[in-house]
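Have a look at the structure below before the remarks.
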C-alpha cells in the first residue's frame, strides 16, 4: 500500500528531479547577441541613410518644382 511517507518521498524526489531538469535546460541555453546587435545596428544605419537620402531628394524636387512654378507665373497687366 502507498502510505503518507512514500507519497512525501515521491513528491520530494519529483521536485528535485524537476529542479535538476530545469537547471540543465537553463545551463544549455546560451544566446550570443553581439552579432545580432551589430547586424541590427548596421541595418538600422543603412535604413536611416536611405530615408535621409529619400527625404533630401524629395525636398530638392519640391524646391525645383516650386522654382519652375514661380517662373511660369504670368503677370497680367491691369486693363482699364
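If each of residue 48 and residue 36 carries a label point 7 Å out from its Cα toward its Cβ, how far apart are those two points in nm?
2.1 nm
Using per-residue counts of other Cβ atoms within 10 Å, averaged over each peptide, order 30-36, 47-53 from highest down. Walk me through the numbers on the way to the answer.
Working: 30-36: 7.4, 47-53: 10.0.
Packing proxy ranking, top to bottom: 47-53, 30-36.
Values quoted throughout were computed directly from the atomic coordinates according to the rules given, and no laboratory measurement underlies them. On a predicted model such as this, the values are computed, not experimentally measured, just so you know. Note that we place each Cβ from the backbone using ideal geometry, even for glycine, and neighbour counts take in every protein chain shown.
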